[in-house]
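Each remark here refers to the structure printed beneath this line.
Please treat every number below as a calculation from the coordinates, not as lab data. Because the structure is a prediction, the values reported are computed rather than measured. Ideal geometry is used to build each Cβ from the backbone, glycine not excepted, and the neighbour counts take in all protein chains shown.
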Amino acid sequence: MSISNKTLYKLEIKSTKYFPIGIALLYLCNIILSFNDYNLEIFSIIGGMSLLPLGKLYLDSLTFKLCFHHRIFIYYIFLCNLISSIDVYTNYELFNERDLFILYLILFGVALILYIIFKRRYDFSRKYSSKIP
């Protein structure tokens with residue numbers, strides 16, 4: 001059973017589009033559960049993302065010329081990693097646990113709103129671009 005290059009290409013594009021959304025949702029679930037003292041290690045194992053795979057997802061999105069709205073959740077994951085790294089590795093505590101939780105929720109809300117706005121704008125321009133003379 002052989003998989004053609006065209007099938008692999010389509011699979012790579014789909015995974016580059018939708019993996020960041022899934023990882024961001026896993027981050028959100030992990031943040032909500034951790035705030036409520038339910039630390040499930042499986043979310044960290046499945047959805048944990050270091051900067052190297054995140055960089056590959058970003059480069060893939062640039063390589064396949066995906067729209068900006070597909071990269072919004074990559075930016076969200078990067079910001080969450082950056083904030084948590086600063087919080088863990090610095091000697092002074094910038095945020096207490098509740099403020100950090102609220103910050104993560106605000107970042108996710110902003111990312112979701114930006115995704116919806118840019119997705120609708122892209123769909124609208126694509127829908128009506130062929131009808132403009």
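Some observations on this one:
- Span-like helix criteria (full DSSP H runs; alpha carbon extent of at least 18 Å along the helix axis; mean Kyte-Doolittle hydropathy of at least 1.0) are satisfied in the chain by 72-89.
- Here the contact order of the range 1-86, divided by its residue count and restricted to Cα pairs under 8 Å and six or more residues apart, works out to 36 percent.
- Loop exposure criterion: chymotrypsin sites (Phe, Trp or Tyr not before Pro), DSSP state outside H, G, I, E and B, at most 15 other Cβ atoms within 10 Å. Applied to the chain, the longest stretch between such sites is 96-133.
- Added length on full extension, which subtracts the Cα-Cα distance from 0.36 nm per residue, LEU11 to LYS119: 36.8 nm
- Sequence-distant aspartates and glutamates (8 or more away, or on other chains) whose Cα lies within less than 19 Å of LYS17: ASP60, ASP123
- The convex hull around the C-alpha trace of the range 61-102, projected and averaged over every direction, spans 3.7 square nanometres.
- When you filter the trypsin sites (Lys or Arg not before Pro) in the range 1-65 for DSSP loop state and at most 13 other Cβ atoms inside 10 Å of their Cβ, you are left with LYS65.
- Stokes-Einstein D for the range 18-81, Kirkwood Rh over Cα pairs, 20 °C, 1.002 mPa s (µm²/s): 175 µm²/s
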